[in-house]
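Okay, structure first, notes after.
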Amino acid sequence: MSCIVRLMLHAKNFHDGQEFIIIFDGVLEITIEDKVIVLREGDSIYFDTTRPHCMRALENRSVKFLTVII
């Protein structure tokens, strides 16, 4: 299954669990609390989703990524 997500909103949210994200194509900016992290193709991140977080695509293009929330 394939999904292309266009992230437009940049409002922080939080929920129970942990999240794993791996980038397949494009550039994703993820903000966790006050820390800003830029992920590119091949990069991944694992974090506690009870911490306020948000993400957005950069470079005026879509991002292909897989996210697993447990």
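The values are calculated or read from the model by the stated rules, or taken from the named source; none is laboratory data. Predicted, not measured: the structure shown is a model, and the values here were computed from it. Cβ atoms come from the backbone with ideal geometry, glycine included; neighbour counts cover every protein chain shown. We work out accessible area using only protein heavy atoms, side chains counted, and drop any ligands, DNA or RNA first. Shrake-Rupley method; radii C 1.70, N 1.55, O 1.52, S 1.80 Å.
Remark: the stretch 57-62, residue by residue, has Karplus-estimated 3J(HN,Hα) of 6, 10, 6, 6, 8, 6 Hz, where x stands for each Gly or Pro and the curve is 6.51 cos²θ - 1.76 cosθ + 1.60 at θ = phi - 60°. For the pair residue 31 and residue 62 in one chain, pulling the backbone fully straight at 0.36 nm per residue adds 9.4 nm over the alpha carbon distance. With protein chains left intact and a 1.4 Å probe, residues in the chain average 69 Å² of accessible area per residue.
In plain terms, the chain is cut at each of the trypsin sites (Lys or Arg not before Pro) found in a DSSP loop with at most 15 other Cβ atoms within 10 Å, and the longest leftover piece is 13-39. Computed from the Cα positions only, the extents of the chain along the three principal axes stand at 27, 24, 18 Å, in decreasing order.
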